[in-house]
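Only one structure is covered here, and it is reproduced in the block below.
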Amino acid sequence: MLDSLQIDPIAFTIPLGDGFAIYWYGILITVGIAIGAIWASREINNRLGEKAVDDFYNGLIIAIISGFLFARITYVILDVIGGATYTSLGEVFNIRQGGINILGGFIGAFLFAYGYVRLRKLNFWHYADVAGPALLIAQGIGRWGNFINQELYGPPTSQPWGILIEPRFRLPQFADLTQFPVDTRFHPTFLYESLWLLAGFGLLLWLNYRYRALWKPGTLFGLFLVWWGIGRTWVEFFRPDQVTIGGSIITYSMVMALGLAIAGVLVLLERYDRLPESARLQRRRGRKRRKPKPRRSSD
């Protein structure tokens, strides 16, 4: 069973100072990003040619840095809403101490990557199409780092696939061993999300290779947002560690995830001119305002 694997979260330690620990979580995230980047670079090469691959990797570096920064900031904001306190900027930006929110990270990475694409005057939708599936595989693999860390688990369950969580890694509400004995099993939320993400990656790859010649650029990105948003919204029901809104079962991350799914639907409607008439008129007006002025002939 999954919980029979007792793996030290620290893979190895680099002998620098008092020792610099390298965690399995970081290794798995790096492996996931690398696999996603390799697929995305090959796909962008097929779409736009070899020169576009350099632009992709430059944008990827920007997206990764901004993504981790926004993921940490989002986590801290939600943590403070939940009652936590931070006494210094060092605590706020200490990602190694634990705590990131992938949804906030995605929003930040998207904004910076979009700015880069616009600055370079690249075709945004082609790059977005490869970024979506790449994120699914990266996060799907990285979720197993949560398993090693004994985090990202749900409420107690009697299901046979439930996992054991050591008392020292339990959330405060499950720390009472008289109410939740050592042999209490919990929903493997990390596994639910990982399977959803990996299945989404496989599905989008199949759809891409089958319909790429027929679909408009941006279709794959829209489908990615819908798939990821719906899956994360569902997973939030198994996240007792998340901050809820007003004591309800609705979490802030659930709202963000649902917003991404809705955004995906809007992307698909926009790509195929199926938006309501009012939205189409506003979009056309925006295009007219952005229309470049004709050049005057030189004297």
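Quick check on my filter: what residues within the range 187-224 are closer than 10 Å to Pro133 by Cα, surrounded by 19 or more Cβ atoms within 10 Å (Cβ to Cβ) and among the hydrophobic types (A, V, I, L, M, F, W, C)? Selection gives Leu197, Phe201, Leu204, Leu220, Phe221, Leu223, Phe224. Of the numbered criteria (1) over 20 Å from Met256 (Cβ atoms); (2) at pLDDT below 95; (3) crowded, with 18+ Cβ neighbours inside 10 Å; (4) not aromatic (Phe, Trp, Tyr), the one Ile137 fails is (2).
Inclusion of Ala113 among residues that are in contact with a Phe, Trp or Tyr (Cβ under 8 Å, 6 or more places away or on another chain) and either without any contact (Cβ under 8 Å) to a residue 60 or more places away in the chain or not small (Gly, Ala, Ser) (or both) is warranted. Of all residues in the range 27-44, count the ones that are under 18 Å from Leu204 (Cβ atoms) and surrounded by 15 or more Cβ atoms within 10 Å (Cβ to Cβ). Final tally of qualifying residues: 10. Would you call Tyr25 within 21 Å of the chain's Cα centre (by Cα), farther than 20 Å from Gly140 by Cα and part of a helix (DSSP H, G or I)? The answer is no for Tyr25.
All conditions but one from (1) crowded, with 16+ Cβ neighbours inside 10 Å; (2) without any contact (Cβ under 8 Å) to a residue 12 or more places away in the chain apply to Phe106; the one that does not is (2).
Please tell me if Ala261 is closer than 21 Å to Tyr127 by Cα and either in contact with a helix residue (DSSP H, G or I) (Cβ under 6 Å, 6 or more places away or on another chain) or of a type in the set (S, T, N, Q) (or both). Steps first, answer last, please.
Numbers: closer than 21 Å to Tyr127 by Cα: yes; either in contact with a helix residue (DSSP H, G or I) (Cβ under 6 Å, 6 or more places away or on another chain) or of a type in the set (S, T, N, Q) (or both): yes.
Taking the combined requirement at face value, the residue satisfies it.
Applying the criterion of at least 3 residues that are touching a helix residue (DSSP H, G or I) at 6+ places or on another chain (Cβ under 7 Å) and closer than 27 Å to Ile148 by Cα to the helices (runs of 4 or more DSSP H) found wholly in the range 44-124 leaves 50-81, 102-120. Within the option set Asp55, Asp79, being of a type in the set (D, E, K, R), closer than 24 Å to His126 by Cβ and crowded, with 16+ Cβ neighbours inside 10 Å holds for one residue only, Asp55.
Summed over the range 180-223, the residues that are within 20 Å of Phe124 (Cα to Cα), touching a residue at least 40 places away in the same chain (Cβ under 8 Å) and in a helix (DSSP H, G or I) give a count of 8. Looking only at the range 238-257, which residues are free of Cβ contacts under 8 Å to residues at least 24 places away in the same chain, in a helix (DSSP H, G or I) and either of a type in the set (Val, Ile, Thr) or within 18 Å of Gln173 (Cβ to Cβ) (or both)? Residue satisfying the conditions is Val255 alone.
The values are calculated or read from the model by the stated rules, or taken from the named source; none is laboratory data. It should be emphasised that the depicted structure is a prediction, and the values quoted were computed from it without experimental measurement. Cβ coordinates were reconstructed from backbone atoms using ideal geometry, including for glycine residues, and neighbour counts include every protein chain displayed.
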